[in-house]
Amino acid sequence: MQKLIWAILLLMVIAMGWTNYDTRQMLQESRQQLALASELNTQQQQQLELLHAEVVRLNQRVSTLDKNSVEGIVREANQAILQGWESLVSTVEEELKKAREKAAGGSSNQSPAPPQQQPSIPPGQFESPDGTDRT
């Protein structure tokens, strides 16, 4: 009976030793996989940063091309023309106002003609000299 207990005890020690060895092997493999995953993560992070820099560079290039394209040039020219037109209209309005005030101040016997109402133009639209609406 004592031999049986010793045999069972020996088998348990061997089983525990094998389990310990197997656990250490799995732990070592897990550490290697973790190191490999960490290295791969670092490489992908660097690649992502390079791609981000490339996207920024390409966006700047697209912006430059847009400004230099015919459509971009026409858009900028239209803006300049509209700003010039608005400036001209406001200057003419100011001069008309000054002339009316001068005429009203110089002849107190005559009543000044009532100012003509300008047609209401929706915001974002401008009236051109030929009378057509422009946006």
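The values are calculated or read from the model by the stated rules, or taken from the named source; none is laboratory data. All of these numbers come straight from a predicted model, not from anything done at the bench. All Cβ positions, glycine included, derive from the backbone under ideal geometry; neighbour counts span all protein chains shown.
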| remark: For the stretch 1-42, the count of residues that are loosely packed, with under 10 Cβ neighbours inside 10 Å and charged (D, E, K, R) equals 1
| query | Of the conditions (1) modelled with pLDDT of 95 or more; (2) exposed (fewer than 10 other Cβ atoms within 10 Å of the Cβ), V70 fails just one. Which one is it? | reply | (1)
